[in-house]
Structure formats: C-alpha cells, structure tokens
1. Quick check on my filter: what residues within region 263-290 are more than 15 Å from ligand 2 (Cβ to nearest atom) and modelled with pLDDT under 90?
2. For region 209-253, which residues satisfy the criterion of being modelled with pLDDT of 95 or more, farther than 25 Å from residue 271 by Cβ and among the aliphatic types (A, V, I, L, M)?
3. Which numbered condition trips up residue 146, out of (1) more than 30 Å from residue 232 (Cα to Cα); (2) touching a strand residue (DSSP E or B) at 6+ places or on another chain (Cβ under 9 Å); (3) within 16 Å of ligand 1 (Cβ to nearest atom); (4) not acidic (Asp, Glu)?
4. Which residue pairs have Cβ atoms under 7 Å apart, sit 6 or more places apart or on different chains, and have a first residue in region 407-432 that is under 13 Å from residue 395 (Cβ atoms) and a second that is in a helix (DSSP H, G or I)?
5. Quick one: is residue 217 within 26 Å of the chain's Cα centre (by Cα) and assigned to a loop (DSSP other than H, G, I, E, B)?
6. Suppose we filter region 239-259 for residues that are away from ligand 2 (no atom under 16 Å from the Cβ) and part of a loop (DSSP other than H, G, I, E, B); how many remain?
7. Enumerate the pairs (first residue in region 222-251 and among the aromatic types (Phe, Trp, Tyr); second residue anywhere and surrounded by 15 or more Cβ atoms within 10 Å (Cβ to Cβ) and part of a helix (DSSP H, G or I)) with beta-carbon separation below 6 Å, excluding pairs fewer than 6 apart on the same chain, so at least 6 apart or on different chains.
8. I'm trying to understand the selection: among the residues of region 35-60, which are touching a Gly at 6+ places or on another chain (Cβ under 9 Å) and at pLDDT 95 or above?
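The values are calculated or read from the model by the stated rules, or taken from the named source; none is laboratory data. Given the structure is predicted, the values throughout are model-derived calculations rather than measurements. Positions of Cβ are backbone-derived with ideal geometry, glycine not excepted, and every protein chain shown enters the neighbour counts.
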Amino acid sequence: MQTARLATPRGTRDVLPPASERIRSLTGRFAETAQRAGFRQVITPIFEHAEVFRRVGESTDIVSKEMYEFRDKDQRLMALRPELTAPLARAFANHRPRTPWRVWYEGPQFRYEKPQAGRYRQFNQVGAELIGSDDPQADAEMLALAWRFCEALGLRQVILLINSLGSPADRAAFSSALGSYFARRLGDLSEQGRATLAVNPLRLLDSKRPEDRLAAAAAPDIAEFLSKEAAGHFQTVLDALGRLGIPFAIEPRLVRGLDYYRHTTFELRSLALDGAQDAVGGGGRYDGLVADLGGPPTPGVGFAMGVDRLLLACDAEDAFDVQEQDLDIFVVDVIGGVEATLLADEIRQAGISAERAFDKRSMKAQMKAADRSGARFALLIGAEELASGTVTLRDMRRDDGEAPRGAQVRIPRGAVCEEILRRLAVEARTPA
Ligand code: ATP
Ligand code: MG
C-alpha cells in the first residue's frame, strides 16, 4: 500500500501548471480589484488557537464538525483556520488599527468535509472585510466589490441572494419563534436536524438535508421580526443595489453558518454549477464579532469567495480564459558550459523573459523545445557565434506573418538585450 500512502490526503490536490496559473491569475485579479478600492492585504497565520473559532462558532458545522484541531507539543489546542473572518477580527482586536479598516486576504482554508467536485478539505479563498463602520453604504460597497469581481471574471450566471437577520434582539426573537415552530415538527426533522435545533434553530434553515428543508417549508419569516431600524438598514442596502444596477433576490431562508452575523447576509451562487456546490461566495455584517474576540464593540462587514468554485464556474461558463504567459526568449545552447547561463542571466536582468536548454542536446531537439516553449524568439549560441562574439536571433512566429518563420539575424553579443527589447517594443506597438 506504499503508493496509497504517498498520495495526497483525501480532499487535497496538487495543483500543477497550467491550472496553478489560473489560480494565481484569479487571485491577482482579486487583489487588483480590492487594492483599487483602497483595501490592503492582511496575512494571518494558517493556524490559530482553536479558541478563536470555538468562541464564535461553537454551534456551527464549520467549527463543531469540520475543524482540523490538534494539540501542539506543549498541549495547546490549535486549529487550522477554516475561514478568515474570525482571525481578521482577532487581528483587529489585537492591533486596534485605525477605522474603518479595509483589508483583503487570500489563502488556503481547511475543513474536514466530504470531498467532492468543488468541495475540498483544503481550498482557497479570497475575501475582504471592512471593519469599523455600521453605515449601510458599507454593506453596499462590499456587495459591489464582490459583484464587480465576478463580472470582471466574465461570469454572467451568478446570482446574488440577500437577506437580513436584523439586530441581535430581532435575531433572538426570530430564533425563538423558529425554535417553537420546529419543536412542533420534531418527527419530520433529520437526526442531525434535531441536534441542530437544540443548539441553534436558525441553523436549521441552512440545512441541506431534504427532510429538514421540507420541515422548514412553512417556517416563520424573518421579515416579520425585523425592528424598524433593522428594516431601514436593509432597505437602504437594497436601494443602493438598485442604484448600482446590481440585480438581487431576497432569500428569507438565507442564514450564514456562523453565529456572529447580524443584519445583511448574502450569498453569490452560480447557476452554472451543481446545486450542492453552487455557492461561489458569501458574507455579511458581523457587528458582534470583534467584541466576542476581546476587542471593543466594533461593527464590520465582509465576504469570502471560493477560488476553486469560482474557477469551476468560469469553466462552466467558458469565462476567464487565462492567456498562457508569453515567453520572450528560448536560449538554444550548442556549445555547453557557462555561456548560455550568462546569456540567460543577462537578458533576464534586462527584464526579458527567458528559458533555456540544458545537456547540450542536438540542435534539432533544442529547436523543438524552443518551439514547444512558445517563445517569441530563439537565441542561438554555437561555436561560430562564440568565436565571432555574436549570437543568432531566430524568429519563432508561428503564423505566416510578414517575417517568415525561421528568419534569423546575427547580432553582436554586446547588443543582444537592446536588440531584443527593440523588437519586442515594435511588436507591442503594432499588434499582430
Ligand atoms: P457551502 O454551503 O458550499 O458549504 P459555506 O457556506 O460553508 O459553503 P463559506 O463559509 O461561506 O461557505 O465560505 C465562502 C466560500 O468558500 C463558499 O461560498 C465557497 O465558494 C467556498 N467554500 C466553502 N467551503 C468549501 C470547500 N470545502 N471547498 C471549496 N470551496 C469551499
Ligand atoms: Mg460549508
């Protein structure tokens, strides 16, 4: 069973190029979008004291069932982070930065789930938080950020579902009404559903089990429990979405998995993905979280998006076609030794991308490798070039453009960077 033991752990994957390029590119696109909106990156540890998550999410599946917990060598209870909102609020409570604190993040999260397409035990998220404002326009701003990002990826089949959980008092009143409602239907609930009811009736609305869904069909509606202020906050957010031209659907059953959410909650779903894994992102307002983690009472709003799911949605929609990164030069080396190393180093320092051959293979084999690399030019260095202080630059253009494929020129070794840069600049000005 040696091979089985050397496979990646269940629910994890090796991501090789070119798939890794898409992840990098999507994350880069998110970073650009967030930076343009004045958000800056925060990097927190991959593992935290389990308490950071336990304190705020005890009644959620994420914390009670899906968390990777372990004792370190000093017997401290640690957890691989299952999400990043709690660590960010923890960081805020520790450092007390000036508000509003606008931050974004990216990186792997860990949840012990039943792996399937789009559901992994290690998965990547990008997300953003705005901590320190209870202005409903802050909710609108975060919604716009998430929505415009999906648009920028080229996704057209994403829908925005939105709901309000109201103030903590509204939420409590709703929760207790739900509790009585489900208590009358105990027999209809799944076994897990009954357990959920005992801890947090609200979470039953989040259940994906068919029995629970059916039992919830006539459940009370949160809208009836919203205070005037909470209803006003919600309406302001919805009005802003209308003005922004961002379509949405109110989903009264939408409760987020974690307990710290108040007021606005939302989810982005892809209609192009399979129902069980169609959430590409979610978020909301969490006015109680910072205080729960030992900071001063501070409101916040944010969201997280699943990178892997976004990419699946892009695949399904044929969107976000990542261009393979262009390679400028492939150094073909028919003399061996250090010359090609020096040449590649020099042109890379000049900002030109370059790959090279090794092992002094035949000219034919190296030209084939140069072709496969997709490089714009091959740069040949052979005995003749070495003797005359030159290199040969060969055009590798595939199509039958003005310069026939294989056209080549000798250039002085000392002018090589200048000449390549000149040619690349000319092409950049006159796109094929
Ligand atoms: P789901 O209902 O699909 O389990 P969730 O509500 O648990 O999602 P969140 O905690 O809101 O998910 O995380 C934000 C996003 O992270 C999700 O919308 C989804 O795109 C992604 N995500 C969550 N869990 C996983 C996972 N196990 N594998 C891949 N992506 C995930
Ligand atoms: Mg989940």
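1. If the condition is that a residue be more than 15 Å from ligand 2 (Cβ to nearest atom) and modelled with pLDDT under 90, then 287, 288 are the ones that fit.
2. 226, 230, 231 - these are the residues of region 209-253 that are modelled with pLDDT of 95 or more, farther than 25 Å from residue 271 by Cβ and among the aliphatic types (A, V, I, L, M).
3. Only one criterion in (1) more than 30 Å from residue 232 (Cα to Cα); (2) touching a strand residue (DSSP E or B) at 6+ places or on another chain (Cβ under 9 Å); (3) within 16 Å of ligand 1 (Cβ to nearest atom); (4) not acidic (Asp, Glu) is unmet by residue 146, namely (1).
4. Short answer, once both residue conditions are applied: 411/419; 420/347.
5. For residue 217, the condition - within 26 Å of the chain's Cα centre (by Cα) and assigned to a loop (DSSP other than H, G, I, E, B) - is not met.
6. Applying the first criterion (away from ligand 2 (no atom under 16 Å from the Cβ)) to region 239-259 yields 239-252.
Next, only the ones that are part of a loop (DSSP other than H, G, I, E, B) stay: 245-248, 251-252.
Within region 239-259, residues that are away from ligand 2 (no atom under 16 Å from the Cβ) and part of a loop (DSSP other than H, G, I, E, B) number 6.
7. 225/170; 225/173; 225/174; 248/241
8. 43, 44, 46, listed by residue number.
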